[in-house]
Every structure is written in C-alpha cells, then in structure tokens.
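Heads up: the structure comes next, in structure tokens.
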Amino acid sequence: MDYNRSNCAEEFEIPLFDLSMIARAINNFSIDKKIGEGGFGPVYKGTLEGQEIAVKRLSRTSTQGETEFKNEVLYIAKLQHRNLVKILDCCIEGEEKMLIYEYLPNGSLDSFIFDDTQSRVLDWPKRFHIINSIARGLMYLHQDSQLRIIHRDLKANNILLDKDMNPKISDFGLAKIWEEDDTGAMTNRVVGTYGYLSPEYALHGKYSVNSDVFSFGILVLEIVSGRNNRRFFHPDHSINLLGYAWELYKEGRSIELLDECLGDSCSTTQVVRSIFIGLLCVQQCPEDRPSISSVVVMLNNEGVLPQAKQPGF
C-alpha cells in the first residue's frame, strides 16, 4: 500500500503529526517510556502539548501490517463514543507509521480481573458497570454509529480502563464494516484470539455481529468469575470456563462461578442474571444469540430471561 502524508490527512480526517514531535513526546522511543506491546507493535506513553498520550508504533515485523494500520485509523477517526478509545492523530513518515491515542492510566481489563491482587480493586458494582459499558460501546458499533462495525477481536486486553475505571473498547485493526441486511460474511483468513472466537467463525470463517456477541458473552463470564477462558482449568473436568459455566447453569449452581474475592460486595440476583445473559450470548447457533441492544435491555431490567441453549464450546 503506497500513500503519502497529504493523501492520508485527507482520507483519515485527523491531524498528522511530524515524526520529530512524536519522538520528543516519548523521549525518542526510550525503553522507560514503553508501556506494552501487541500484534501491532510497541506502545509508548508520552506527553504531547500538555496531554498524556499513548503511541502505537507499527513494528516492521508486525503481523498486523499497513492494511490494519489504515483500517484502525479510518474507523476510530469516524467513531465517537464514551466507551471507545479516542484516537487523537497519527504519524506517517517514511517507514514510520504511528497511532496516537488518549492515554488510559489503568491499562487493560485483563491486568485486573486475572490478577489475584488487582482483582480486588474491582468489586461487583464496578464489574457490573464495566459489563454494561462494554455492551453500550458494542451497541454503538453495531447499530448507532455512522459506520456499522463488527469488531472481530473483542477480548479482555482490548478493553482499556480510564482513571475512573470506565472501560473503552480498543484495537480496531481487524474490524469490518457490515451492511444491515447482511446475515454474515466469509473469510479464508480467520483472525482474532482463540478463546473468544465464535464457533462459526473459528471453524468456517463466517463472521457477523453475532460473532461479536459471542465474544462479549465470554467477556461477561470472565469478568464475573475472574478467570480466563483460555487458561481455565478445573481439577474434575476437562472443560473450559464456558463449559464449566454451562454445567453450573444446568445444575442451578451458577452463583458458584463468582470470583471468590468479591465476597459481600455483590447482589446475588444481579450476578446470576449476568451469567445467564453471558450464556445466552455464547449459544452455539448464531441466530439464537440476542442482539447487543437486547443485551443492554436485559442487563438493566428484571424481566424473565429465555432459557439458554448449549453454548459453542
């Protein structure tokens, strides 16, 4: 892909900063400014014009190349929601390609819910707020934004937390636009993270908004339990977290999925309802899963929920 700075400025509709300015903001890519690394490349923390920023630098060895870079800038620049990470500008100069975001001081959700110490910071009201807010961000992507977006990589470490523990969905490098009458699209290149992929996508390359709903359901079960679906181990069963949640549901013991550190901070009714909604989202058949707008309604009301069918393990 060959495009220059002026074409990008026009196409992306966001500011383009000079490389020298960004390099100064992060102390010339100093190791002590590095705060993480993903498939895209390293991430640095810096200060630009008095504002704290996060800089994602495309690595030359990255599996996410220029297509994903352009994808992310194009989508995030046109999406504005309190539960989506905000892109401030980008930098394209020679071989260098960087994305500049608002800095979110509490990092990613997975660093809290899967850590024995940090998990205690998130009591049940905070966790329920996070579940609700992610659902609202996803509803904006699926039906309320000017671009209807399938995220395709919704997972705990793509949820970032601001200073008040409000979640923001990040990383749109794998996102796709969808048309309202689409029942699903096909791809020969399955991307995303195993443990969060819906069965129809992982096995057959078919994705739709229902794929995102499945990933959201996994997230709900992880937030409630404080356990990672991919790394979950039960001494008595060779099943993942999703399978364990399903077994407890069938036996009327869903409350046992709750993270032990939550103690008395929770409403049992609200916890069990959240688990049931999570299981509705991960049903095997995509057409059985609720829309994300229905999920938002179910989370915030006390009506009777439908019975969940077997999940896609």
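For the criterion of being part of a helix (DSSP H, G or I) and of a type outside the set (D, E, K, R), ILE239 fails. Restricting the range 261-286 to residues that are open to solvent by 10 Å² or more (accessible area, probe 1.4 Å) and outside any helix (DSSP H, G or I), the residue that is nearest to ASP116 (Cα to Cα) is GLY263. Here GLY184 meets the list (1) at pLDDT 90 or above; (2) under 21 Å from the mean Cα position of the chain (by Cα); (3) among the small types (Gly, Ala, Ser) almost entirely, failing just condition (1). Of all residue pairs spaced 6 or more apart or on separate chains, those with beta-carbon atoms under 9 Å, a first member in the range 242-262 that is of a type in the set (Ser, Thr, Tyr) and a second member that is assigned to a loop (DSSP other than H, G, I, E, B) are TYR244/ARG227; TYR244/PHE232; TYR249/ALA308. Of all residues in the range 71-93, those satisfying the criterion of being modelled with pLDDT under 80 and touching a helix residue (DSSP H, G or I) at 6+ places or on another chain (Cβ under 8 Å) are LEU74, ALA77. Looking only at residues in the range 137-158 that are farther than 22 Å from MET298 by Cβ and open to solvent by 60 Å² or more (accessible area, probe 1.4 Å), the one that is modelled with the highest pLDDT is ASN157. Taken over the range 147-165, residues that are of a type in the set (S, T, N, Q) and in contact with a helix residue (DSSP H, G or I) (Cβ under 6 Å, 6 or more places away or on another chain) amount to 1.
The rows are residues; the columns are (1) surrounded by 20 or more Cβ atoms within 10 Å (Cβ to Cβ); (2) among the basic types (Lys, Arg); (3) assigned to a strand (DSSP E or B).
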| residue | (1), (2), (3) |
| --- | --- |
| LYS56 | yes, yes, yes |
| ARG60 | no, yes, no |
| GLU68 | yes, no, no |
| ASN71 | no, no, no |
| TYR75 | yes, no, no |
| ARG82 | no, yes, no |
| ILE92 | yes, no, yes |
| MET98 | yes, no, yes |
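Applying the criterion of being within 18 Å of LEU154 (Cβ to Cβ) and in contact with a strand residue (DSSP E or B) (Cβ under 8 Å, 6 or more places away or on another chain) to the residues of the range 218-244, the residue that is modelled with the highest pLDDT is LEU219. Tell me yes or no: at least one residue of the range 123-136 is out of contact with any Asp or Glu (no Cβ under 9 Å at 6 or more places or on another chain), open to solvent by 30 Å² or more (accessible area, probe 1.4 Å), more than 19 Å from GLY217 (Cα to Cα) and touching a residue at least 40 places away in the same chain (Cβ under 8 Å). Looking for residues that are out of contact with any Asp or Glu (no Cβ under 9 Å at 6 or more places or on another chain), open to solvent by 30 Å² or more (accessible area, probe 1.4 Å), more than 19 Å from GLY217 (Cα to Cα) and touching a residue at least 40 places away in the same chain (Cβ under 8 Å), one finds at least one in the range 123-136, hence yes. If you go through the range 287-306 and keep only what is open to solvent by 50 Å² or more (accessible area, probe 1.4 Å), β-branched (Val, Ile, Thr) and not in a loop (DSSP other than H, G, I, E, B), you end up with just VAL297.
The values are calculated or read from the model by the stated rules, or taken from the named source; none is laboratory data. Bear in mind that the values here come from a model prediction, so they are computed numbers and not experimental data. For neighbour counting, all protein chains shown are included, and Cβ atoms are generated from backbone atoms with ideal geometry for every residue, glycine included. Note: accessible area is taken over every heavy atom of the protein model, side chains too, but ligands, DNA and RNA are not part of it. Shrake-Rupley method; radii C 1.70, N 1.55, O 1.52, S 1.80 Å.
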